[in-house]
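These notes are about the structure you will find just below.
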Amino acid sequence: MHLIDQLEKELGKKQLPDVHVGDTVDVHYLIREGEKERVQVFIGTVIAMSGRGIRKSITVRRIVQGEGVERTFPLHSPRVQDVISTRRGSVRRSKLYYLRDRVGKKTRIKELIGSRISKKAAKAAAAETPAPAGESDEERTAETVEA
């Protein structure tokens with residue numbers, strides 16, 4: 001293992017939030033005002049993800065008083081307390097910079113109904129959970145895929 005990979009593993013957060021481009025998120029960010037610290041919530045749409053490992057960050061955009069505001073948050077930063085995905089977006093691009101040119105209802109992103117779980121992942125998840133008495137693996141897998 002390389003030295004940089006080892007440092008990233010030690011210094012990074014153990015659990016990262018499940019966030020994708022197009023999602024509407026609440027970013028709980030710790031800010032300082034003089035001697036006091038408080039958590040401020042930044043609610044917006046993830047328009048870009050960049051980096052990997054400990055350098056991974058997301059760019060979140062929202063409209064405040066008719067003006068677009070973008071902010072980039074490093075996910076492994078100790079100042080980022082929590083990132084909660086409130087709405088999944090159905091997008092086909094990795095960068096949503098085209099939203100910068102749009103105003104009003106045109107900035108809406110279609111909501112993704114269901115989950116982004118594949119059939120293989122559903123089978124793996126079903127295999128990990130113990131089966132209730134009288135239920136076979138095939139029945140449990142079929143229920144997981146339908147849900």
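The values are calculated or read from the model by the stated rules, or taken from the named source; none is laboratory data. No experiment lies behind these values; they were computed from the predicted model shown. Every residue, glycine among them, receives a Cβ derived from its backbone with ideal geometry; neighbour counts consider all protein chains shown.
Details
- Among the residues of the stretch 1-37, those that are assigned to a strand (DSSP E or B) and surrounded by 14 or more Cβ atoms within 10 Å (Cβ to Cβ) comprise 24, 25, 26, 27, 28, 29.
- Scanning the stretch 65-80 for residues that are out of contact with any strand residue (DSSP E or B) (no Cβ under 7 Å at 6 or more places or on another chain) and either assigned to a strand (DSSP E or B) or without any contact (Cβ under 8 Å) to a residue 60 or more places away in the chain (or both) gives 65, 66, 67, 77, 78.
- The set of residues from the stretch 38-61 being assigned to a strand (DSSP E or B), loosely packed, with under 15 Cβ neighbours inside 10 Å and either in contact with a strand residue (DSSP E or B) (Cβ under 6 Å, 6 or more places away or on another chain) or not assigned by TED's automatic domain parsing to the domain that holds residue 84 (or both) comprises 39, 40, 41, 43, 50.
For every residue, the table says whether it meets (1) within 30 Å of residue 31 (Cα to Cα); (2) among the aliphatic types (A, V, I, L, M); (3) loosely packed, with under 14 Cβ neighbours inside 10 Å; (4) modelled with pLDDT of 90 or more.
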| site | (1), (2), (3), (4) |
| --- | --- |
| 80 | yes, yes, no, yes |
| 87 | yes, no, yes, yes |
| 93 | no, no, yes, yes |
| 112 | no, yes, no, no |
| 120 | no, no, yes, no |
| 127 | no, yes, yes, no |
| 134 | no, no, yes, no |
| 137 | no, no, yes, no |
